[in-house]
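Okay, structure first, notes after.
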Amino acid sequence: MRLWVCMALLSVVLCVSAERPRIVRGVAQAGKFARDAVGGAWDMYRAYRDMREANYKGADKYFHARGNYDAARRGPGGAWAARVISDAREGWQSSVSGRGAEDTRQDQEANRWGRSGGDPNRYRPKGLPRKY
């Protein structure tokens, strides 16, 4: 009986310390991508919510950059979510709101700046409360 217990424990130790099969690593990476994407979507929502709460003139680009920056810091999944959400929002906004192509271009520039790791404070307007 002791021999079997020792063999079982040895097997567990060897299995745990062995390198994971490629399929297991792929599933783990897909799970991380999905978690990052969900977290990135939350970051984008939080930036949007803060923008609405602040209701501060000229702060739009700052919140675009901040949402994309926070999402992209999570990893490839977060950056993907930020790009999809930003592109969808700008596509909808340019066709519905009537703000024009120049506003959309500036928003997308702020989005790219944030996603690439640029400091969102580049777009921060003077006087915006430190809370944001």
Quiz item: Would the stretch 33-49 turn up any residue that is over 12 Å from the mean Cα position of the chain (by Cα), modelled with pLDDT of 75 or more and under 25 Å from N111 (Cα atoms)?
Solution: yes
Quiz item: Restricting attention to the stretch 105-115, does a residue exist that is aromatic (F, W, Y), under 17 Å from D50 (Cβ atoms) and either touching a Lys or Arg at 6+ places or on another chain (Cβ under 9 Å) or surrounded by 20 or more Cβ atoms within 10 Å (Cβ to Cβ) (or both)?
Solution: no
Quiz item: Looking at the stretch 59-101, which of the residues that are modelled with pLDDT of 95 or more and outside any helix (DSSP H, G or I) is least open to solvent (accessible area, probe 1.4 Å)?
Solution: A59
Quiz item: Going by the conditions given, is D119 open to solvent by 50 Å² or more (accessible area, probe 1.4 Å) and on the phi < 0 side of the Ramachandran plot?
Solution: yes
Quiz item: Among all residue pairs at least 6 apart or on different chains, which show Cβ distances below 9 Å where the first residue, located in the stretch 7-35, is more than 20 Å from P76 (Cα to Cα) and of a type outside the set (D, E) and the second is at pLDDT 85 or above and open to solvent by less than 80 Å² (accessible area, probe 1.4 Å)?
Solution: R20/A28
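The values are calculated or read from the model by the stated rules, or taken from the named source; none is laboratory data. No experiment lies behind these values; they were computed from the predicted model shown. Cβ sites come from the backbone with ideal geometry, for glycine too, and all protein chains shown count toward neighbours. The protein model used for the area step is the full one, side chains on, heavy atoms only, and it has no ligands, DNA or RNA in it. Shrake-Rupley method; radii C 1.70, N 1.55, O 1.52, S 1.80 Å.
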